[in-house]
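Everything below concerns the one structure shown next.
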Amino acid sequence: MAHFDENAKPFSNRWLDDRLAINTVKKVLSTEYWIPKNINFLWAMGMVLAATFGLLVVSGIFLLMYYKPDINMAFDSVNYTIMTEVGYGWLWRHIHGVAASLVFLIIYIHMLTGIYYSSYKRGREMIWLSGMLLFIAFSAEAFSGYMLPWGQMSYWAGMVITNLFEAGSLELTGLVEWIRGDYVPGDAFLLRFFTLHVLLIPLVIMGLIVFHFATLRIPHVNNQDGEDIDFDEAARLYKEGNKKESKVIPFNPVFLSKDVFVLGIYFILFFYLVFYHFDFAMDPVNFDPADGLKTPPHIYPEWYFLWSYEILRPFPKDPGLIAFGIAQIAFFLLPWIDRSPNVAPAHKRGLFFWWFWILVLDMIALTVLGKLPPEGIYNTLGTISAIIFLLLGPALILITKLEKKL
Amino acid sequence: MSSRRDFMGMALGGFTALGGIAALYAMKRSWDPLPSVAAAGFTTVDLSVAKENVLNVQKWRGKPIFILKKTSDMQADDRDVVVGRARYHVSIGLCTHLGCIPAYLPAEKLFRCACHGGEFDTSGRETFGPPPSPLVIPPFKIDGNKIVLGEEGPEYLKMKEAGLTA
Ligand code: HEM
Ligand code: FES
């Protein structure tokens, strides 16, 4: 038996430390997990995401208590039972819908922050990759959840997206029917996406969040100046009491209190939307029950998928699918197509600054065009924006090769 | 000693892999369409009541089926289903791009898909936009004035051999 104090009071700090090494754990994960001082509110977005995920879980649990995953009952169980009968059922639904939409807004801000400050490279590749896996998992979670109310948009989005697996001229109809468990989306389809949405994907997301946090622990977060901080030296200064001179603060309680402040502001906005503007997260077309014999006049995904949808749309089928495929994996490759050695904010990286803002504007343009009907000038603009997106990859290789070492 | 441990490791690994493969197979099979779904029956439609240039939509295996009686000024096509002297366009009403249901516009005599703007003529051939191929012709059998969807009659097999059904 290991060494331990016979006289420690049960469940006292000493008693727990002897059994669980809680003091070491606390140090490693919180009080001596060092965060640079020179960062701004954009570094709170990770915690905002974690908190929003928490809201999704809690509201989801309550929705689950009345939802019925059956094509004849699903629509009413949501739109009638939960919305009108269940006490505060509307609250859970609106929290769930608003959170599902905002989580993507914050994910995009979080990703673009990472890109702007070069936080995806030189030791931080695993943070980036685990983040991209989270993005994929959240996309799958959002899509499967969108099926559940079994409205017109659920059905037709399900039809169109599962058809992508036919892979164009490869005509993998068998694969599509296997994914659906039917010739068209039906009961089998609804139940399996329900299972994925409420069990499997949330488990994967929780695992990935733990992994994402773990990938941060050794490289530490980047900072506004891309400065390569000597964390051991900075931590020594801080612990000696030279808090002013030290370049870092401990995660807990110092940085966490800043995170909590940003969270507070965020929640004011969040609940304002939940109570007064929840409709932006609910598509009116989805308030018609699914009908396999009537396509709605316009089919479009939720706003956060529009940019990649618009990359699919302007091209003929096969090239469209290939472009779409590239768009899905492009961001995974970022740490390797950026050939420059610099870790610095974009405004110190010359042409990269312009590259960054063209990327942002192009993604906004694709998002707007994805929502407009595919006609006339919109088609042309869509094609141009999609081509610009695809060219941004090779352009980045070139720009970063030419970039001077700072 | 080490070879004995290697053997144990390989035996354990081998059996584990086998079990894993068996489990994957079971999982794959669990997602297959149920027999009741796969055997989903046949649909019989009476063609004699069809009106020219009016799209009749039927349901077969959960999918919409387009039946359009052609007017005399519409281009005849090898893909037409001929019953007596009438010509019909019969197809699965799902866009060959990504599966939306195109709408029939009787005035313009064409099908237009709202999803990404694809268009098809009255023989179901793609004429504009992303659809890569004509509307698919479902297996059918002509039975007097009726058409049975899901059964492969001689007319269908002839079309299929000529590569006209997709
Ligand atoms: C819901 C999902 C996510 C959660 C809960 C989450 C959480 C966090 C947290 C708490 C941090 C540390 C604080 C901060 O810098 O903001 C962080 C950092 C980071 N995350 Fe995420 N994240 C998520 C998704 C993503 C995605 C989709 C990406 C991009 C592919 C990503 C890339 C990064 C990067 C590069 C950093 C390091 C930032 C730096 O070093 O300055 N994360 N994440
Ligand atoms: S699904 Fe008809 S044009 Fe895309």
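The values are calculated or read from the model by the stated rules, or taken from the named source; none is laboratory data. Please read these numbers as outputs of a predicted model, since none were measured by experiment. Virtual Cβ from ideal backbone geometry, glycine too; neighbours counted across all protein chains shown.
So which of A:I364, A:I322 is under 21 Å from the mean Cα position of the chain (by Cα) and of a type in the set (A, V, I, L, M, F, W, C)?
Numbers: A:I322 fails: under 21 Å from the mean Cα position of the chain (by Cα).
Among A:I364, A:I322, only A:I364 is under 21 Å from the mean Cα position of the chain (by Cα) and of a type in the set (A, V, I, L, M, F, W, C).
Look at B:I67 and say whether it is β-branched (V, I, T) and more than 10 Å from every other protein chain (Cβ to nearest Cβ).
For B:I67, the condition - β-branched (V, I, T) and more than 10 Å from every other protein chain (Cβ to nearest Cβ) - is met.
Hey, does region A:23-30 have a residue that's under 30 Å from A:F138 (Cα atoms) and touching a helix residue (DSSP H, G or I) at 6+ places or on another chain (Cβ under 6 Å)?
Let us first name the residues in region A:23-30 that are under 30 Å from A:F138 (Cα atoms), namely A:25-26, A:28-30.
When the remaining residues are screened for being touching a helix residue (DSSP H, G or I) at 6+ places or on another chain (Cβ under 6 Å), the result is A:30.
The answer is yes; a qualifying residue exists.
Any residue that is hydroxyl-bearing (S, T, Y) and modelled with pLDDT of 90 or more - is there at least one of those in region B:89-96?
Looking through region B:89-96, at least one residue is hydroxyl-bearing (S, T, Y) and modelled with pLDDT of 90 or more.
Tally up the residues in region B:79-131 that are among the charged types (D, E, K, R) and within 13 Å of ligand 2 (Cβ to nearest atom), please. Before you say what the answer is, go through the steps one by one.
Our first condition is that a residue be among the charged types (D, E, K, R); within region B:79-131, this holds for B:79-80, B:85, B:87, B:108-109, B:112, B:119, B:121, B:125-126.
Filter once more, so that each one left must be within 13 Å of ligand 2 (Cβ to nearest atom): B:112, B:119, B:126.
So the answer is 3.
Table: residues versus (1) at pLDDT 95 or above; (2) within 30 Å of A:K258 (Cα to Cα).
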| position | (1), (2) |
| --- | --- |
| A:K37 | yes, yes |
| A:A51 | yes, yes |
| A:K68 | yes, no |
| A:G87 | no, no |
| A:G97 | yes, yes |
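Can you confirm whether region A:55-78 contains a residue that is under 14 Å from the mean Cα position of the chain (by Cα) and within 16 Å of ligand 1 (Cβ to nearest atom)?
Just the residues of region A:55-78 that are under 14 Å from the mean Cα position of the chain (by Cα), to begin with: A:56.
With within 16 Å of ligand 1 (Cβ to nearest atom) added as a condition, the list becomes A:56.
So far as region A:55-78 goes, yes, one or more of its residues are under 14 Å from the mean Cα position of the chain (by Cα) and within 16 Å of ligand 1 (Cβ to nearest atom).
When the residues of region A:81-92 are narrowed to those that are of a type in the set (S, T, Y) and loosely packed, with under 14 Cβ neighbours inside 10 Å, which ends up farthest from the chain's Cα centre (by Cα)? Outline the logic, then answer.
Narrowing region A:81-92 to residues of a type in the set (S, T, Y): A:81, A:84, A:88.
When the remaining residues are screened for being loosely packed, with under 14 Cβ neighbours inside 10 Å, the result is A:84, A:88.
On the way: A:T84: 31, A:Y88: 27 Å.
That would be A:T84.
Would you tally the residues in region A:196-205 being under 21 Å from A:G131 (Cβ atoms), more than 10 Å from ligand 1 (Cβ to nearest atom) and away from chain B (no Cβ under 14 Å)?
Within region A:196-205, residues that are under 21 Å from A:G131 (Cβ atoms), more than 10 Å from ligand 1 (Cβ to nearest atom) and away from chain B (no Cβ under 14 Å) number 4.
Okay, residues lined up against (1) in a helix (DSSP H, G or I); (2) surrounded by 17 or more Cβ atoms within 10 Å (Cβ to Cβ); (3) touching a Ser or Thr at 6+ places or on another chain (Cβ under 8 Å):
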position: A:G46; (1), (2), (3): yes, yes, no
position: A:G54; (1), (2), (3): yes, no, no
position: A:I61; (1), (2), (3): yes, no, no
position: A:D70; (1), (2), (3): no, no, no
position: A:H94; (1), (2), (3): yes, yes, no
position: A:A100; (1), (2), (3): yes, yes, no
position: A:I107; (1), (2), (3): yes, yes, no
position: A:I115; (1), (2), (3): yes, yes, no
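Out of the residues in region A:350-377 that are touching a residue at least 24 places away in the same chain (Cβ under 8 Å) and under 12 Å from A:I399 (Cα atoms), which is farthest from ligand 2 (Cβ to nearest atom)?
Applying the filter and picking the extreme gives A:G350.
For B:G117, state whether it is on the phi > 0 side of the Ramachandran plot, within 14 Å of another protein chain (Cβ to nearest Cβ) and surrounded by fewer than 21 Cβ atoms within 10 Å (Cβ to Cβ).
Numbers: on the phi > 0 side of the Ramachandran plot: yes; within 14 Å of another protein chain (Cβ to nearest Cβ): yes; surrounded by fewer than 21 Cβ atoms within 10 Å (Cβ to Cβ): yes.
Judged against the criteria, B:G117 is a match.
Is it fair to say A:A140 is in a helix (DSSP H, G or I), without any contact (Cβ under 8 Å) to a residue 60 or more places away in the chain and either among the hydrophobic types (A, V, I, L, M, F, W, C) or within 22 Å of A:M47 (Cβ to Cβ) (or both)? Reasoning before the result, please.
Details: in a helix (DSSP H, G or I): yes; without any contact (Cβ under 8 Å) to a residue 60 or more places away in the chain: no; either among the hydrophobic types (A, V, I, L, M, F, W, C) or within 22 Å of A:M47 (Cβ to Cβ) (or both): yes.
No; evaluated as a whole, the condition is false for this residue.
If you check B:I137 against the conditions, is it more than 16 Å from ligand 2 (Cβ to nearest atom) and over 27 Å from A:Y155 (Cβ atoms)? Steps first, please.
Working: more than 16 Å from ligand 2 (Cβ to nearest atom): yes; over 27 Å from A:Y155 (Cβ atoms): no.
The answer is no for B:I137.
Okay, residues lined up against (1) crowded, with 19+ Cβ neighbours inside 10 Å; (2) aliphatic (A, V, I, L, M); (3) on the phi < 0 side of the Ramachandran plot:
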position: B:K51; (1), (2), (3): no, no, yes
position: B:K59; (1), (2), (3): no, no, yes
position: B:F66; (1), (2), (3): yes, no, yes
position: B:A86; (1), (2), (3): no, yes, yes
position: B:G93; (1), (2), (3): yes, no, yes
position: B:S133; (1), (2), (3): no, no, yes
position: B:K141; (1), (2), (3): no, no, yes
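Out of all the residues in region A:184-226, which are among the acidic types (D, E) and farther than 30 Å from A:P36 by Cα? Before the answer, list the steps.
First pass over region A:184-226, keeping only residues among the acidic types (D, E): A:187, A:225.
Scanning region A:184-226 gives a single hit, A:D187.
Among the numbered criteria (1) surrounded by fewer than 21 Cβ atoms within 10 Å (Cβ to Cβ); (2) within 13 Å of chain B (Cβ to nearest Cβ), which one does A:I136 miss?
Of everything listed in (1) surrounded by fewer than 21 Cβ atoms within 10 Å (Cβ to Cβ); (2) within 13 Å of chain B (Cβ to nearest Cβ), A:I136 misses just condition (2).
In region B:10-32, what residues are polar (S, T, N, Q) and either touching a strand residue (DSSP E or B) at 6+ places or on another chain (Cβ under 6 Å) or closer than 26 Å to A:R180 by Cα (or both)?
Of the residues in region B:10-32, the ones polar (S, T, N, Q) are B:16, B:30.
Of everything in region B:10-32, just one residue is polar (S, T, N, Q) and either touching a strand residue (DSSP E or B) at 6+ places or on another chain (Cβ under 6 Å) or closer than 26 Å to A:R180 by Cα (or both), namely B:S30.
Quickly run through region A:158-194 and pick out the residues that are free of Cβ contacts under 8 Å to residues at least 12 places away in the same chain and away from chain B (no Cβ under 11 Å). Explain how you work it out, then say what you get.
Of all residues in region A:158-194, those free of Cβ contacts under 8 Å to residues at least 12 places away in the same chain come to A:166, A:170-175, A:177-178, A:181-183, A:188, A:192.
Matches in region A:158-194: A:L170, A:L172.
Given the criteria away from ligand 2 (no atom under 16 Å from the Cβ) and either β-branched (V, I, T) or assigned to a loop (DSSP other than H, G, I, E, B) (or both), does B:I65 qualify? Before you say what the answer is, go through the steps one by one.
Working: away from ligand 2 (no atom under 16 Å from the Cβ): yes; either β-branched (V, I, T) or assigned to a loop (DSSP other than H, G, I, E, B) (or both): yes.
Spelling it out, B:I65 is indeed away from ligand 2 (no atom under 16 Å from the Cβ) and either β-branched (V, I, T) or assigned to a loop (DSSP other than H, G, I, E, B) (or both).
Got a number for residues in region A:330-360 being out of contact with any Phe, Trp or Tyr (no Cβ under 7 Å at 6 or more places or on another chain) and away from ligand 1 (no atom under 12 Å from the Cβ)?
Number satisfying all stated conditions: 20.
Check region A:209-217 and report whether any residue there is within 14 Å of another protein chain (Cβ to nearest Cβ) and free of Cβ contacts under 8 Å to residues at least 40 places away in the same chain.
From region A:209-217, those within 14 Å of another protein chain (Cβ to nearest Cβ) are none; that's our starting set.
No, region A:209-217 contains no residue that is within 14 Å of another protein chain (Cβ to nearest Cβ) and free of Cβ contacts under 8 Å to residues at least 40 places away in the same chain.
Could you list, in sequence order, all residues of region A:339-361 that are under 25 Å from the mean Cα position of the chain (by Cα) and buried (at least 17 other Cβ atoms within 10 Å of the Cβ)? Talk me through it step by step, then tell me what you get.
Of all residues in region A:339-361, those under 25 Å from the mean Cα position of the chain (by Cα) come to A:343-346, A:352-361.
Answer for region A:339-361, where residues must be under 25 Å from the mean Cα position of the chain (by Cα) and buried (at least 17 other Cβ atoms within 10 Å of the Cβ): A:V343, A:A344, A:P345, A:A346, A:F352, A:W355, A:F356, A:L359.
If you check B:L105 against the conditions, is it more than 21 Å from A:V160 (Cβ to Cβ) and within 14 Å of chain A (Cβ to nearest Cβ)?
yes
Name the residue, out of A:F231, A:F193, that is closer than 30 Å to A:G174 by Cβ and either over 18 Å from the mean Cα position of the chain (by Cα) or more than 15 Å from ligand 1 (Cβ to nearest atom) (or both). So that I can check it myself, show each step before the final result.
Numbers: A:F231 fails: closer than 30 Å to A:G174 by Cβ.
Criteria check complete, one pass: A:F193.
With B:R112, B:R61 as the choices, which residue is within 14 Å of another protein chain (Cβ to nearest Cβ) and either more than 19 Å from the chain's Cα centre (by Cα) or modelled with pLDDT of 90 or more (or both)? Spell out how you get there, then give the answer.
Working: B:R61 fails: either more than 19 Å from the chain's Cα centre (by Cα) or modelled with pLDDT of 90 or more (or both).
None of the other options fit; the residue is B:R112.
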